[in-house]
Amino acid sequence: METGALLVNSLSVGSRVATVFQQRLKTAQQRYWERIDPLYRQGLASPELLPALLSDPQGMHRYAVDLTQRSVLFWETLWKRGNHFIDRARDGFTPVLHFQHETVLDARQLERPVNYALLRIVPPAGVTVDPKRRPYLIIDPRAGHGPGIGGFKDDSEVGVVLRAGHAVYFVIFFRDPQPGQTLLDVCAAEQLFLKKVRSLHPDSPKPAVVGNCQGGWAAMMLAVADPEDTGPIVINGAPMSYWSGSWSEGEGDNPMRYAAGMQGGTWLASLAADLGNGVFDGAHLVQNFENLNPANSFWDKYYHLLDKADTESPRFLDFERWWGGYYLMNREEIEWIASRLFVGNRLWSGDTGSAGAPGFDLRSIRSPIILFASMGDNITPPQQAFNWVLDVYGSTEEIKARGQVIVGLKHESIGHLGIFVSSKVALKEHAQIVSVLKSIERLPPGLYSMSIIEGQVPGDPEAHRVEFQERRLEDIAAKLNRYQRVDERPFEAVAAVSGFNQRAYELFLQPVVQSLSNDASARWLQLWHPLRVQNWSVSRLNPWLSWVAPAAEQARAQRARVPDDHPWRQMEHWSAQCISASLDHWRAVRDAATEATFFSVYAPLFALCLGGKQENRGLPPAAQRDPRELPVVRQALDGIAEGGYAEALARVAALLAEGKAPLPLSRVEMRSELMDTYAEYLPALSPHRWRSIRGVQDIIARLEPERALATLPTLLSHADDRIRLLTLLDMLSTDRRVLGAQPTPPQLEMLDRIRALLVEAKSTRRRVASGSAAVQPLAASTQPCMKEGQ
């Protein structure tokens, strides 16, 4: 690129970054005043406030007593948290599962041992599971915390699956990794877990695999490695396309997206692992999560505990039992994740294998995939959860041609953790996913959105109605990515800088760090990590806090509560909200500045060094191409007259499809019932093979409907096939379930055209056969040659 063009491009990028940054600051300021102004008017600016505070000295005294007692109970809860932390750390930490469980396989005993195990969840009293129903395999994230968040409470993923009558198996991991284990070893162990689950349920459908966050891409890798044993895949809040995110005017979003660039790449992860004598402390990852929301981490959750000191302690301690458990990784594991996923963004490209081992081609997955993400998730934004589909398939037609079903479910506001721990999400989204999974397997190939509509079921106002709507991949990508993913290009510069820094660290600094590190220094660093210090420093190990337990007992015995509408309590609430708003404002400014700095550094660097030399992987074309130019479409249209009964049946189904109209769950279930009723008229094919054929015929029917109709008789060269298909159409046209679904006039018209065409072809062939008996030997002798030539 010429110097002048580089200068113009740099100025353009700088202007755009400055515009977005200014708008971010403006939005942050506006949101801050929207929160502060009502508090100011109700509190400090209220003419009734000062008289109310000073007019009742006894009220001031009662409030002081109440605050003192709540403070004692507050510190007792923190003291209990520290004691629980010490006890769990001594025992090596255990899963925080709410349900009883038993170990099925312990991967520490394998030839290539890893610190994983397969558990079977024991159904609670009153819950019965059917071994012939599809079992579920749930994989929890290994991102600093321990396992169990998928079954953290009764109303959780595990709970809703058990109550639906399915057996549940849970993949856990232990605190300490096995020496030398790698992520590929973990994937191999999870393959054994999956095969074990299948062997325990030989009469059931293939197991459904559920992956939460990091467990989502682990589930996808498992499905690629073992597609024959994997059933439907559900990935919740899973980052799959790591460079993606939202970049537009408004509130600052997705700060973790820029973390690797601001830290100079992966070398800090290697440094942390070397300081740990080859072991990476998961507390570093938890610290990153805490820094995302300083208002909650440093103020809100603690003030809420103080405010509700009489009732909040059990819930606070229950959550901290998971949040405060810090697990470890080997250097090889964290470097693999950081270099290939966080920085390299190689998962979608399949470039994630090791030397001598194949990569992971996500297109080889044969089972339906359900993607659940939230617009309120700033750790895994919807772009990271969905953009990999565009990276891998590139077009809607390729999804169809490969026989894949991908269903997207989006929540509007829940945060990242809420996807896994929220009872409301479990009872709504997760419960509905479980209930419709069989129906999703029967959907034609393509990309669908799943909608859960509350209170629209007659006779049951609390029930939900589920709808599916087929979408175009290109439309979804444009809606999610306002700037057509141009903002992902600087991440290629991050990858280049990261590689340089990693190599420099390995050459110059790593030998020194490794020579100075040992087991004792690693344990000392773990012990004095700030997150661990805040736990054990407020515990029975601290003799200065021996007064907490007796003081708390006395406070409970003499508890004198002050109502929430007391003037001093109201003043306390207003002050707490002001502090929270200020911290949120600081976070918004920090994130905006981080984003602006990132693009100011790496966008010009990409344009200068990589703009003309490196392929922009995964970025869509500037304008959508004509679908007929795609190789899969050309191949489908070239073979429009090729096939047999299976292709003819799939083409009829495609021609009779309802287009873009929403598809209620009841309609999907009715189709499944029809497939079971008329199974003898359906081809004996695997579900994936049938979806692949249906996908190709969908492409043909959408782009060339008249040619598809005209060549339909060609696919039915045998009279028995035509009779079989006509019989099926006649039976469907009189089936009460089909008539109750109210076919549209275009569908009825197309059905009449198909029947007339097949009947005419049947009569014509009969006349030809009866009038050309002398020619039949010649036709029979040439038919093999024609097939061989094709």
Legend entry - Computed helical MRE - 222 nm, the chain, DSSP H runs ≥ 4 contributing -39500 (n - 2.57), nearest 500: -16500 deg cm²/dmol
Legend entry - Spacing of the two label points (7 Å from each Cα toward its C-beta) at Ser666 and Glu412, in nm: 2.4 nm
Inset, instruction - Convert each backbone phi in the range 147-152 into a coupling constant with the Karplus relation 6.51 cos²θ - 1.76 cosθ + 1.60 (shift: θ = phi - 60°), then list the ³J(HN,Hα) values in order as whole Hz, x for Gly and Pro. - result: x, x, 5, x, x, 5
Legend entry - Nearest 10 degrees, 0 to 90: helix 687-703 Cα axis against the chain principal axis: 70 degrees
Inset, instruction - Enumerate the calculated ³J(HN,Hα) couplings along the range 673-685 in order (Karplus 6.51 cos²θ - 1.76 cosθ + 1.60, θ = phi - 60°), each rounded to whole Hz, writing x wherever the residue is Gly or Pro. - result: 4, 5, 5, 6, 5, 9, 4, 5, 9, 9, x, 7, 10
Legend entry - Candidate values [x] 40.3; [y] 30.0; [z] 28.4, label of the one derived for Kirkwood radius over Cα pairs in Å: [y]
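For the range 302-448, calculate the relative contact order in percent as a whole number, restricting contacts to Cα pairs under 8 Å that are 6 or more residues apart. Provide the component values of the computation, followed by the final result.
Working: 139 pairs, mean separation 30.5, N = 147.
With pairs under 8 Å counted, the relative contact order is 21 percent.
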Legend entry - Residues of the range 634-668 with amide N under 11 Å of a point placed 7 Å along Cα→Cβ from Ala756: none
Legend entry - Backbone HN-Hα couplings from phi across the range 518-531 [Karplus 6.51/-1.76/1.60, Hz, Gly and Pro as x]: 7, 4, 5, 5, 5, 5, 5, 5, 5, 4, 9, 5, x, 5
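Treating only the Cβ atoms of Lys and Arg (+1) and Asp and Glu (-1) as charged, compute the dipole magnitude of the range 490-583 about its Cα centre; round to the nearest 20 debye. Walk me through the intermediate numbers first.
On the way: 8 positive and 7 negative charges, 74 e Å.
For this selection, approximately 360 debye.
Which number gives the lysine pairs in the range 121-275 that have C-alpha atoms under 24 Å apart and are eight or more places apart or on different chains? Don't skip to the answer; put the middle values down first.
On the way: Lys132/Lys195; Lys132/Lys196; Lys132/Lys206; Lys195/Lys206; Lys196/Lys206.
So the count of such lysine pairs works out to 5.
With a 1.4 Å probe and every protein chain left in place, work out the accessible area per residue of the chain in Å², rounded to a whole number. Let's see the in-between values first.
Values: 36560 Å² over 790 residues.
Per residue, the chain has an accessible area of 46 Å².
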Legend entry - Partner aspartates and glutamates for Lys301 [C-alpha distance under 17 Å; skip if fewer than 8 residues away on the same chain]: Glu76, Glu290, Asp310, Glu312, Asp318, Glu320, Glu572, Asp584
Inset, instruction - Using the charge dipole of the chain (Lys, Arg: +1 at Cβ; Asp, Glu: -1 at Cβ; taken about the Cα centre), state which of Gly231, Val343, Thr380 has its Cα farthest towards the positive end. - result: Gly231
Inset, instruction - For Leu137, enumerate residues with amide H under 5 Å from its amide H, sequence gap 5+ or separate chain, H modeled in the peptide plane. - result: Tyr169, Ala208, Val209, Val210
Inset, instruction - Quick one: which residues, 5 or more positions from Tyr678 or on another chain, have an amide H under 5 Å from its amide H? H modelled 1.01 Å from N in the peptide plane, none for Pro or chain starts. - result: none
Legend entry - Farthest positive-ward along the chain dipole, Cα basis, beta-carbon charges - from His84, Ser575, Cys609: Cys609
Legend entry - Tyr681/Gln23 FRET efficiency (R0 51 Å; Cβ-Cβ; nearest 0.05): 0.25
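Once you charge only the Cβ atoms, +1 for Lys and Arg and -1 for Asp and Glu, what is the size of the charge dipole of the chain about its Cα centre, to the nearest 20 debye? Write out the running numbers ahead of the final one.
Numbers: 85 positive and 89 negative charges, 178 e Å.
About 860 debye.
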Inset, instruction - Heads up, I need the accessible area for Thr677: 1.4 angstrom probe, whole protein in place, Å², nearest 10. - result: 70 Å²
Legend entry - C-alpha long axis of helix 645-655 to longest principal axis of the chain, angle in °: 60 degrees
Inset, instruction - Collect residues whose amide H, placed 1.01 Å from N in the peptide plane, falls under 5 Å from the amide H of Val407; neighbours closer than 5 in sequence don't count. - result: Ile369, Ile370, Leu371, Tyr448
Legend entry - DSSP-defined antiparallel bridges as percent of all bridges, the chain, nearest 5: 50 percent
Inset, instruction - Along Cα→Cβ, 7 Å out, is where each label goes; now give me the distance between the ones at Trp33 and Trp544 in nm to one decimal. - result: 4.4 nm
Inset, instruction - Rank Ser364, Gly211, Ala283 by how far each Cα sits towards the positive end of the charge dipole of the chain (+1 on Lys, Arg Cβ; -1 on Asp, Glu Cβ) and give me just the farthest. - result: Ser364
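What's the carbon and sulfur percent of the chain's accessible surface, probe 1.4 angstrom, rounded to a whole number? Working shown, then result.
Values: 20660 of 36560 Å².
Answer for the chain: carbon and sulfur cover 57 percent of the accessible area.
The values are calculated or read from the model by the stated rules, or taken from the named source; none is laboratory data. Just so we're clear, the structure is a prediction, and the values are computed from it rather than from any experiment. Note: ideal-geometry Cβ built from the backbone for every residue, glycine included; neighbour counts use all protein chains shown. For accessibility, only protein heavy atoms count, side chains too; no ligands or nucleic acids. Shrake-Rupley method; radii C 1.70, N 1.55, O 1.52, S 1.80 Å.
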